[in-house]
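Have a look at the structure below before the remarks.
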Amino acid sequence: MRLTVNDEEHELHSPPLTSLLAALREELDITSPKAGCNQGGCGACTVLVDGEARRSCLVPLAALEGTSITTVEGLGAADDLSPVQAAFDEHYAAQCGFCTSGFVMAATALIDREPKAGREDILEALSGHVCRCTGYVKIVAAVEAAAKGDVHPEQVEPSFEPEEAEVLIPGSPA
Amino acid sequence: MTSTSLEAAQVVVPMSRDEAVKEFGDGSGVTVFAGGTILMPEINYGRLKPARVLMLGNAGLSGIGSSGSALTIGAMTTVAELENAPEPLGSTARNVADHEIRAQGTLGGNLCAPSGGGTPRGDLQAALIALAATVKTAGKDGERTEPVEDFIAAGANGRLVLEVEIPEPKRSGYAAARRPHAHAYTILAVCAAETSAGVRVGISGAGATAQRARHVEDALAGGASVEDAAQKVADDAEPHDDALASAWYRQRLLPVLVRRALDDLGGGK
């Protein structure tokens, strides 16, 4: 089947009941959607299907003929962040990062459908994405800022090269 | 119609209601795929390896229409589209999971949802019971329409849900035990509605499927107070233990929720 992902058309060969999540990650090597629970509970795999937020683990390829998919990779680039991405950076809203892709996509979809989304709308729209870090204050603040247009992508310093982690104990994860 | 046959399964995508009915036939060997929120985890984890899948997304089975004082709701109408439906269906729909899941899960899927891990999953069922909904299905002997509680009790085997019809209620009430932001299935919910047939009460979360609280309804019809009628629910349901709550807790909570739903009904919403 053919699938448009981030404005690029792909020919997919995975079986029709393969989840969009598995096809994105394993066939197309697009890894921003995270495989957390694979059953719709965690929200980390959320992508946009024709502009609407969907759990990619719950959508089979067979249901996607002719649709257009957007993932975090399609929102912006390191030196050209989308407003939601820039707001997450400014507000230090990433936490451990595993749930971040889902939060960013859900927030992007929310602001798209409700440009004047208030705090209650934001809490409701993000409620399917809370994980275990707790402390969602910064995430909510980031989305509130993005909804108000109070973001400054030009001030974000792009970091193209991941910094080399300092290994204090040889053989241990840094 | 498009038909894709690959190694894992044959996927049939009917492009109309008639095609869906024809492809469903008597339902044998057919896995019906509606929103996918319950089926996809089964497929992802390899617990379900369907041979033939009927994918209903393009079958024209979604949408809400009104005729006179009744609403007709297509089986593929999403839970999100029911958020503003007449009460108590609207409140029930808004209490389902989160935005993304509500936008994907369907009315038909909810009606056919089996319990999972011992926890009932058809959160909309109690509201439909209270509203005296009827369900139109297709299957071996053609199409038929029956009360929703009969459909739920018999199970979906061999029947393809096409649409649900609900009469506009005169009054309605709703009470539920929720775990905010946990997005679990409903621990317990009680729906009440007054239709031309009198007051009806539906319960979600006190059995594998939702059920009608006939003892409560009969007590109300006989002139009992709300308080006394609510106690009769002990004769209607035998709550169970599951991961969400114990039977002990549900037994104590259930009459309280029945009373609250009936009090809510008194508000004349």
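Of all residue pairs spaced 6 or more apart or on separate chains, those with beta-carbon atoms under 8 Å, a first member in the range A:46-57 that is farther than 14 Å from A:I30 by Cβ and more than 10 Å from every other protein chain (Cβ to nearest Cβ) and a second member that is surrounded by fewer than 24 Cβ atoms within 10 Å (Cβ to Cβ) and charged (D, E, K, R) are A:G51/A:D112.
Name every residue in the range B:217-269 that is basic (K, R) and free of Cβ contacts under 8 Å to residues at least 24 places away in the same chain, in order of residue number. B:K232, B:R252 - these are the residues of the range B:217-269 that are basic (K, R) and free of Cβ contacts under 8 Å to residues at least 24 places away in the same chain. Pairing residues of the range A:133-146 that are free of Cβ contacts under 8 Å to residues at least 40 places away in the same chain with residues that are not aliphatic (A, V, I, L, M), at Cβ distances under 6 Å and at least 6 apart in sequence or on separate chains, gives A:C133/A:Q95; A:C133/A:C96. Looking across the range A:129-141, the residues that are under 15 Å from the mean Cα position of the chain (by Cα) and within 12 Å of chain B (Cβ to nearest Cβ) come down to A:H129, A:V130, A:C131. Selection of the range B:1-16 for residues being modelled with pLDDT of 95 or more and surrounded by fewer than 19 Cβ atoms within 10 Å (Cβ to Cβ) yields B:M15, B:S16. Tell me which residues, restricted to the range A:58-74, are in contact with a helix residue (DSSP H, G or I) (Cβ under 7 Å, 6 or more places away or on another chain) and either facing chain B (nearest Cβ under 10 Å) or of a type in the set (G, A, S) (or both). A:L58, A:V59, A:P60, A:L61, A:L64 - these are the residues of the range A:58-74 that are in contact with a helix residue (DSSP H, G or I) (Cβ under 7 Å, 6 or more places away or on another chain) and either facing chain B (nearest Cβ under 10 Å) or of a type in the set (G, A, S) (or both). The listed residues are B:R252, B:R178, and the only one of them that is surrounded by fewer than 22 Cβ atoms within 10 Å (Cβ to Cβ) and within 14 Å of chain A (Cβ to nearest Cβ) turns out to be B:R178.
If you go through the range B:237-269 and keep only what is modelled with pLDDT of 95 or more, out of contact with any strand residue (DSSP E or B) (no Cβ under 6 Å at 6 or more places or on another chain) and among the charged types (D, E, K, R), you end up with B:R252, B:R259, B:D263.
Residues that are more than 14 Å from chain A (Cβ to nearest Cβ) number at least 2 in the following strands (runs of 3 or more DSSP E) confined to the range B:1-93: B:64-67, B:70-74.
Considering each residue of the range A:111-128, count those that are facing chain B (nearest Cβ under 8 Å) and in contact (Cβ under 8 Å) with a residue 12 or more places away in the chain, and give that number.
Total satisfying the criteria: 2.
The residue pairs whose first member lies in the range A:1-23 and is within 12 Å of chain B (Cβ to nearest Cβ), whose second member is of a type in the set (F, W, Y) and outside any loop (DSSP other than H, G, I, E, B), and whose beta carbons are closer than 9 Å, counting only pairs six or more residues apart or on different chains, are A:L17/B:F33.
The values are calculated or read from the model by the stated rules, or taken from the named source; none is laboratory data. Keep in mind that this is a model prediction, so the values were computed, not measured. For neighbour counting, all protein chains shown are included, and Cβ atoms are generated from backbone atoms with ideal geometry for every residue, glycine included.
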